[in-house]
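To start, the structure under review is shown below, and the notes come after it.
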Amino acid sequence: MVISAETRARIDLEIAKYPKRRGALLPTLHLVQEELGHISLDTAKEVAEIFAIAPVEVMEVVTFYNMFFDRPQGRHHVYVCTNLPCSLRGARGLLRELEKHLGVQTGETTPDGRITLGHEECLGACAYAPMMRIDGKYHEDLDVDEAKRIVDALR
């Protein structure tokens, strides 16, 4: 068992709220990720047993939503907006420079486990492009040097 007894009890409470068991799949995935930090294939198999579905059905949900992770994550999530307004103002170049600076590609985590670097299609702050979101906080009107200073300050 990967999922703790405590989390399993919380899952059972969620399931009880829905007329159909599968309705609690998303809340269950949130609970599991809260406990484990990500949802691995082994974890997906365990969740699938709870819902009497195939593990691939669980992984389809995990990989569809960007709020779920299928591999370990860094302590900090750094996402650069790459939608058209941000891209026109240099976001893709900024992302490439952060990849070089951190020594990882988009979607990867630094070897020290400090930062997972990613991109988002739109963060809804076009007027302040280019921008990035770190652990839910927006950093706007960025240039490469400022972006590097911000990520270097993350501990």
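Determine, yes or no, whether Glu60 is at pLDDT 95 or above and either in contact with a Ser or Thr (Cβ under 7 Å, 6 or more places away or on another chain) or more than 27 Å from Glu108 (Cβ to Cβ) (or both). Talk me through it step by step, then tell me what you get.
Details: at pLDDT 95 or above: yes; either in contact with a Ser or Thr (Cβ under 7 Å, 6 or more places away or on another chain) or more than 27 Å from Glu108 (Cβ to Cβ) (or both): no.
The answer is no for Glu60.
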List the residue pairs whose Cβ atoms are under 9 Å apart, where the first residue sits in the range 132-155 and is among the hydroxyl-bearing types (Ser, Thr, Tyr), the second is outside any loop (DSSP other than H, G, I, E, B), and the two are 6 or more positions apart or on different chains.
Tyr138/Tyr128; Tyr138/Met132
Checking Leu123 against (1) at pLDDT 95 or above; (2) in contact with a Lys or Arg (Cβ under 9 Å, 6 or more places away or on another chain), the condition it does not meet
(1)
Of all residues in the range 12-46, count the ones that are in contact with a Pro (Cβ under 8 Å, 6 or more places away or on another chain) and either assigned to a helix (DSSP H, G or I) or of a type in the set (Phe, Trp, Tyr) (or both).
4
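In the range 10-21, what count of residues is obtained for those that are surrounded by 10 or more Cβ atoms within 10 Å (Cβ to Cβ) and either more than 19 Å from Val58 (Cβ to Cβ) or of a type outside the set (D, E, K, R) (or both)?
The initial filter retains those residues of the range 10-21 that are surrounded by 10 or more Cβ atoms within 10 Å (Cβ to Cβ), namely 10-15, 18, 21.
Add one more test, that the residue is either more than 19 Å from Val58 (Cβ to Cβ) or of a type outside the set (D, E, K, R) (or both), and what stays is 11, 13, 15, 18.
Final tally of qualifying residues: 4.
The values are calculated or read from the model by the stated rules, or taken from the named source; none is laboratory data. Treat the numbers as computed from the prediction; the structure is a model and nothing was measured. Here the Cβ is made from the backbone with ideal geometry for all residues, glycine too, and neighbour counts use every protein chain on show.
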